[in-house]
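Accompanying notes for the structure given below.
The values are calculated or read from the model by the stated rules, or taken from the named source; none is laboratory data. Quick caveat, the model's predicted, so the values are computed rather than measured. Cβ atoms come from the backbone with ideal geometry, glycine included; neighbour counts cover every protein chain shown. For accessibility, only protein heavy atoms count, side chains too; no ligands or nucleic acids. Shrake-Rupley method; radii C 1.70, N 1.55, O 1.52, S 1.80 Å.
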Amino acid sequence: MARRGLGDFEQQVLLTILRLGGEAYSVPMVVEMEERTGREVSQAAVYIALRRMEDKKLVVSRMVEPTASGNAKERRYFKVSPAGLERLEECRRTMDRFWEGLDSRAEGETR
Amino acid sequence: MSAAPRVPVWVRWAMNRFLSAREVASTLGELQELHAYWTESVGQREADRRFRRQVRQYPFRLLLRAGRGVANVRPWASLRSLKQSTRSLVRTPGLTAAIVLTVGIGIGGCATIFAVVDVLFLKGLPYPDADRLVWIHSASPTSQWALSAVDVQALDAQQTSFEALGTYTRSASTLVTDDGAERLVYIEAAPGLFATLGIQLLSGREAARAEGDVDADPTVVITRGFAARYFDIIEADGSQALGETVRIGATSYQVIGVLPSNFGPLASGTEVFTTLRMEPPPRKGPFGYITVGRIRADVMPDVALAELRAISTRIFPLWVDSFQDDSVSWGMQNLDEVLNRDAGRLLAILMGAVGGLLLVATANAANLLLARVAGRRPEMVLRQALGATRAQIAGHLLVESVLLSLGGVAVGLLVAVGGLRILPAVASSYLPRLSELRLEGSVMLFACALTAACCFLFGVVPALRGSRAGSRVDGLGGGRSVTGGASEQRAQRLLVAGQLALVLPLLTGGALLLTSFANLQDTDAGFDVERLLSLRVSLSDQAFPDGEARQQFWAMALERIEALPGVEAAAVSLGRPPNGGFNNNFDLEDKPTPENQSQPTAQWIIAEKRYFDVLGVPLVAGRMFESTDLDEDAPPVVLVDEAWADRHFPGASAVGRRFVDGGQVNEPLTTVVGVVGTVPYEGLGESGAGAVYRADARRLSSPFLMIRVLGDQAPVVALVREELRQLDPTAPITDVASGETLLSDSLTRPRHLSLLLGTFATIALGLAVVGLYGIMANSVERRRAEIAIRLALGGSPRGVQRLMVRQGMLVAAVGVLVGAVLSVSVTGVLADLLYEVEPADPLTLVAAAALMLVVALAACLVPSRRAAQAEPRAALGAQ
């Protein structure tokens, strides 16, 4: 049995694809994730996470040939699959249930 | 845009193991694109740093991912592949057994030696806080020896750095039992020895300080085992023995304490510890007391050492009459180092040999599995096409190597169990503390870890290769690929060359040890070994209290023994070649030892005149002992051997030279009256410092009786026993040995080492040759069509054969070349073990290399002949 939940990093990767318009390759994803997290993000980690989620059918990918104007080499573009979307929303719902009624308190304590 | 740093070769190699070439190119391309972005955002240096770090992460992350995939293989699938793998292994029983056996022997051998390493170097001594225990000794710039009574008493009175001191000396006498007497080797221990070592008595107590006084009543501490034997005591703590009496020689000792049966490595096997009652010493020597100190927890070792030296310097002037060597001071050494002797190097050699064998066996297994994987390529491609993931296929292939490893570890543990049993019996003459060996958790763990490592080595590479099958379109084609693609061939050749490279140092080392062993056997023992019989007779102090009484006994005994049928001559001596002498120092009258230097030493043997006849040692110069030499008021005289004479008076006569014996400056000088042939007393082939012979052997209480027999030894032993029994029914007879036995015992270590290394080298060579034969046969199979075409176009069979042999011999040559470099760099560790052969002996190396090449040639010839004899039509038809 595969694990139902998604790790933090996996969620971040999936959400980044959605933020980048639903389909993206690793470079803009790493840039976007570094901006959002404020930390260096490992491209290898992103790539491996994507391939792993592809095995689980949470994303789908395709190779894009080099174009005269843009990229010099092939790139692998990833899209979030319907199953992936569903899993993301499930994760969000689960976390929301935990956060319910705690927002003000958590803010109070961090201050 | 600046270029990204180069991708390291190993990263690229590793990525290629897991990803298709296309995937690798696109992944690295994207990373380079990121580098360009980083260069703009964070600068060139930081961008380079990030690129390097991230690119290095790929191999590990990919490996982890593959591993997770393997772990996720469904149970039923792995059960099925278990069945398949077992079946495929059973189909080739010979090879499977060879791998399991050789890997098992390697693992078991390594585990056995690890157990010794564990005892000697990892676990420490079995005494509490053993790191604070030191041996306190006399030390000159060149050597170390025990303390004297003077030293022990001064140390005890003046030191402040040690919380406890224990002193002992070894003694031998006769133990009086109900049935008669037996020879007893025991320890005289000063009060405090057990407390210093932290040994708890089972019952009773250790001797109090006052019991160490010279006029105190004799007391003794015995082990539980001795109590059981001597007093028939069965209770666990042996307390029934307390207060009983043990009779040793002429003295009765009262038992005051019982020790556990295992005293530990310091006096392993000793069962009786009498209380040492030290007499006030009249002079500085002799140096016979072994002193162990426990350094106080709050004192640094160098402080303790400084104090030792200070006390030694302080007492030096008090005893300068009897000891003048002011280069001698006191030193100390950790007790475990003392007890471990030079075992480290020997263990390194053994571990190297058995580890080398294991590596060769592992490489052989890898080779076999690689060939198997290559053969199963179509199956793998099919599996992948039907939806099996790479991880599943790799996992399936791994099962086979896991099965082989399980077999290996089973054999290995058996070998280890056997090794740990046999080792103490055969090797205790050259490896210390073997009685402490146990098959413990740590040893099992080591064996298992080693197995896992082997399994990884011979399993993972073939598994990864096999699971890459899908990227090869030709996979399903069958035929050609059955024998493996070019890259498999390359890997196999590399493995075989590697095996041969590992075999050569083993072979060279084995050959060197064998040569050295043969040299030792051929070496002139210096005495007539054949028809020589020797035994030790121990007279009790009670029956023969002084030298006079013993002299009478020996005169009568020797006369009667020489009259026995089958006896040619007999004599007594203290010291027995080739391993049985005692050291003494002396100071030559003609060459006095300069200040700050140590006096020379030599083997000191006590032997009567007849001894030289019995052993067949010739008188070379001067005269033999005469009966007047033994008179009370006769000046002290000695004989020396040629080694001694050459060492101290090269090119001149040693006869008539005089020296001070053992620092006794107040005694008359000792004169050399004759020179005899050299006999070794420090081991065969040891270039000893020579020997000095004193004449008064018949005054000894437990000398060796050396007998030259006329024919068979066995009946003579019985007759001599009977004769001695009539003269003294209580005198125990021990250490019976023929001249051949004495020599052969002396060669135990070289014999075992050369046998072991020779055997390992032979097995390893066999394995490597099987590997070479395998790739040759594969290659012939693969190039069948090519060969057929060559032959059909008029190529000569001989030419084809030459082509094939050249290919195989290239692999062998590379292996031998690398092996030669390896040999030259590792055989140096054998230097101290070799006799009359250099570690880098070119002849041995060339001979070993030649042997390997010849065997390799034979392994190439068979398949290549088959290739040359192929019928072109049939060969092409098969394609």
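A few notes on this one:
- A simple rule links phi to the HN-Hα coupling: the Karplus curve 6.51 cos²θ - 1.76 cosθ + 1.60 with θ = phi - 60°, which for segment B:5-13 gives x, 5, 7, x, 4, 5, 5, 4, 4 Hz, with x for Gly and Pro.
- For segment B:807-823, 3J(HN,Hα) per residue [Karplus equation, 6.51 cos²θ - 1.76 cosθ + 1.60, θ = phi - 60°, Hz, x = Gly/Pro]: 4, x, 5, 4, 4, 4, 5, 4, x, 5, 4, 4, x, 5, 4, 4, 4
- The helix-based estimate of mean residue ellipticity at 222 nm for chain B, built from -39,500 (n - 2.57) per DSSP H run of four or more residues and divided by its residue count, is -17500 deg cm²/dmol to the nearest 500.
- Per residue, the protein assembly as shown exposes an accessible area of 47 Å² to a 1.4 Å probe, with every protein chain left in place.
- In plain terms, if you count all Cα to Cα distances in segment B:539-731 and split them into 5 Å steps from zero, the share in each step is 1, 7, 15, 19, 18, 16, 11, 7, 4, 2, 1, 0 percent.
- Shielding by partners - mean other protein chain Cβ count within 10 Å, residues of A:15-28: 2
- Going from the isolated chain to the complete set of protein chains, segment B:28-42 loses at least 30 Å² of heavy-atom accessible area (1.4 Å probe) at B:E30, B:E33, B:L34, B:Y37.
- Carbon + sulfur, % of accessible area of the protein assembly as shown - ligands and nucleic acids excluded, 1.4 Å: 56
- Accessible area buried between chains A and B, both sides summed, probe 1.4 Å, in Å² to nearest 100: 2200
- Which of A:G22, A:W99, A:M63, positive extreme of dipole for segment A:8-110 (C-beta unit charges): A:M63
- Nearest 10 degrees, 0 to 90: helix B:714-727 Cα axis against chain B principal axis: 30
- Scanning residues 5 or more positions from B:G238 or on other chains, none has an amide H under 5 Å from its amide H, with H placed 1.01 Å from N in the peptide plane.
- Debye, to nearest 20: dipole size of segment B:539-731, +1 on Lys, Arg Cβ, -1 on Asp, Glu Cβ: 360
- In this structure, B:S796 and B:L457 have a Cβ-Cβ separation that, at R0 = 56 Å, corresponds to a calculated FRET efficiency of about 0.85.
- Once the C-beta distance of B:T628 and B:R209 is scaled by a Förster radius of 35 Å, the resulting FRET efficiency is 0.15 to the nearest 0.05.
- Spin-label model distance (nm) - A:M63 vs B:R725, 7 Å beyond Cα toward Cβ: 9.5
- For chain B, the residue among B:L335, B:T291, B:N583 whose Cα projects farthest onto the positive side of the dipole built from Cβ charges is B:L335.
- Charging the Cβ of each Asp and Glu at -1 and of each Lys and Arg at +1, and nothing else, the dipole of chain B about its Cα centre rounds to 8680 debye.
- Working from label points 7 Å from Cα in the Cα-to-Cβ sense, the A:W99 to B:L669 distance is 10.6 nm.
- Residue-averaged beta-carbon neighbours from other chains (10 angstrom radius) around A:48-55: 3
- Across peptide A:38-45, the average count of Cβ atoms from other chains found within 10 Å of a residue's Cβ is 5.
- Burial ranking of peptide ranges B:121-134, A:39-52 (average Cβ count within 10 Å, highest at the top): A:39-52, B:121-134
- Gain in span if fully extended, B:D131 to B:Q159, counting 0.36 nm per residue against the direct Cα distance: 8.1 nm
- Under the simplified labelling scheme, the B:V90-B:A425 pair shows an inter-label distance of 3.6 nm, with each label point 7 Å from Cα along Cα→Cβ.
- Close amide-amide hydrogen proximity is noted between B:V637 and B:T671, each under 5 Å apart and 5 or more residues distant or on a separate chain (H modeled in the peptide plane; Pro and chain starts excluded).
- Note on A:E65: accessible area approximately 110 square angstrom, rounded to 10, probe 1.4 Å, nucleic acids and ligands left out.
- B:A216/B:S825 FRET efficiency (R0 41 Å; Cβ-Cβ; nearest 0.05): 0.10
- Amide H to amide H, with H built 1.01 Å from N, A:V59 comes under 5 Å of A:E54, A:S81, counting only residues 5 or more places away or on other chains.
- For A:R75, solvent-accessible area (1.4 Å; no DNA, RNA or ligand), Å²: 40
- With DNA, RNA and ligands ignored, accessible area of B:F60 (1.4 Å probe; Å², nearest 10): 130
- Using the Karplus relation 6.51 cos²θ - 1.76 cosθ + 1.60 with θ = phi - 60°, the per-residue 3J(HN,Hα) values for segment B:122-127 come to 9, 7, x, 5, x, 10 Hz, with x marking Gly and Pro.
- Ranking B:W13, B:L64, B:Y37 by Cα position along the charge dipole of segment B:9-72, where only Lys, Arg, Asp and Glu carry charges on their C-beta atoms, puts B:L64 farthest toward the positive end.
- Given their separation in residues at 0.36 nm each and the Cα-Cα distance between them, B:L101 and B:A172 gain 20.8 nm when the chain is fully extended.
- The protein assembly as shown pair-distance distribution - Cα-Cα, 10 Å bins, rounded %: 2, 8, 13, 16, 15, 12, 11, 10, 8, 4, 1, 0
- Size of charge dipole - segment B:141-327 - debye, nearest 20, with Cβ of Lys, Arg +1 and Asp, Glu -1, no other charges: 300
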